[in-house]
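First up is the structure itself, then whatever we jot down about it.
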Amino acid sequence: VRAEISYIMVKPDGVQRGLVGEIISRFERKGYKMAALKLYQTPRDVAEEHYKDLSSKPFYKDLVNYIVSGPVVCMVWEGKGVVATARKMIGATNPLASEPGTIRGDFAIEVGRNVIHGSDSPENGEREAALWFKEGLVSWDQTMTPWLKE
Ligand code: DAT
Ligand code: MG
């Protein structure tokens, strides 16, 4: 059975600023397993569905416009505690409140240009992975597993 998954996405500002490699590298080095990856021009209806819980917020329209403003890098990462750990690695929603050492803390200033998305619960990890990867995830054996797991 598949372990816990988180949907992680480098937003258009992160792609434009050349932060994709840095961000992928952090998840790789942590030891999580990549389960899906693509560069993607987001259709507006997918962005709206992704953020539907925020549809009543005053910033919703700007948020959707931002997400569709250029290509994103969509990823699914898998492993024990990946949802909560990824949120820690990403940092607080407002980059001015994100600790140094986190992705937003190191690379962002404004909440509307905060570089990266990470699922907020294992249930949303599953929901978002299914929304962004309708083609499904990749199932593979990571040969370094014995060096990462007891
Ligand atoms: P997160 O991305 O940390 O999970 P969220 O789910 O509450 O944060 O909101 C999704 C995105 O919406 C967030 O990354 C940036 C934007 N956003 C959130 N709160 C905002 C606010 N008060 N003003 C402008 N944009 C906001
Ligand atoms: Mg969120």
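The values are calculated or read from the model by the stated rules, or taken from the named source; none is laboratory data. Please read all numbers here as calculations on a predicted model, not as lab measurements. Counting neighbours? That spans all protein chains shown, and the Cβs are built from the backbone with ideal geometry, glycine included. With ligands, DNA and RNA removed, areas are computed over all heavy atoms of the protein, side chains included. Shrake-Rupley method; radii C 1.70, N 1.55, O 1.52, S 1.80 Å.
Going by the conditions given, is Lys11 at pLDDT 95 or above, in contact with a His (Cβ under 7 Å, 6 or more places away or on another chain), surrounded by 12 or more Cβ atoms within 10 Å (Cβ to Cβ) and not hydroxyl-bearing (Ser, Thr, Tyr)? Yes, satisfied.
Conditions (1) on the phi > 0 side of the Ramachandran plot; (2) more than 15 Å from ligand 1 (Cβ to nearest atom); (3) within 16 Å of the chain's Cα centre (by Cα), marked per residue:
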position: Glu49; (1), (2), (3): no, no, yes
position: Lys57; (1), (2), (3): no, no, no
position: Trp77; (1), (2), (3): no, yes, yes
position: Val83; (1), (2), (3): no, no, yes
position: Ile90; (1), (2), (3): no, no, yes
position: Thr93; (1), (2), (3): no, no, yes
position: Thr102; (1), (2), (3): no, no, yes
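Just one residue in the set Gly18, Gly31 is over 19 Å from Leu131 (Cβ atoms), modelled with pLDDT of 95 or more, open to solvent by 30 Å² or more (accessible area, probe 1.4 Å) and not β-branched (Val, Ile, Thr); that residue is Gly18. Confirm whether Glu4 is modelled with pLDDT of 95 or more, more than 22 Å from Glu123 (Cβ to Cβ) and away from ligand 2 (no atom under 16 Å from the Cβ). So Glu4 does not fit the description; no.
I'd like to check something: does the stretch 66-78 contain any residue that is part of a helix (DSSP H, G or I), more than 13 Å from Ile8 (Cα to Cα) and open to solvent by less than 10 Å² (accessible area, probe 1.4 Å)? Yes, because at least one residue in the stretch 66-78 is part of a helix (DSSP H, G or I), more than 13 Å from Ile8 (Cα to Cα) and open to solvent by less than 10 Å² (accessible area, probe 1.4 Å). Looking at the stretch 59-75 only, could you name the residues that are in contact with a Ser or Thr (Cβ under 7 Å, 6 or more places away or on another chain) and away from ligand 1 (no atom under 12 Å from the Cβ)? Val68, Val72 - these are the residues of the stretch 59-75 that are in contact with a Ser or Thr (Cβ under 7 Å, 6 or more places away or on another chain) and away from ligand 1 (no atom under 12 Å from the Cβ).
Checking the stretch 69-90 against the condition returns no match, with no residue being hydrophobic (A, V, I, L, M, F, W, C) and farther than 23 Å from Ala36 by Cβ. Residue pairs whose Cβ atoms lie under 7 Å apart, separated by 6 or more positions or on different chains, with the first residue in the stretch 53-66 and under 19 Å from Ser119 (Cβ atoms) and the second more than 7 Å from ligand 1 (Cβ to nearest atom) and assigned to a helix (DSSP H, G or I), are Leu54/Tyr60; Val64/Arg44; Val64/Ala47; Val64/Glu48; Tyr66/Pro12. Right, Leu54: surrounded by 15 or more Cβ atoms within 10 Å (Cβ to Cβ) and within 15 Å of ligand 2 (Cβ to nearest atom) or not? Taking the combined requirement at face value, the residue does not satisfy it. Selection of the stretch 107-137 for residues being within 21 Å of Arg26 (Cα to Cα), more than 14 Å from ligand 2 (Cβ to nearest atom) and open to solvent by less than 70 Å² (accessible area, probe 1.4 Å) yields Phe107, Ala108, Ala129, Leu137.
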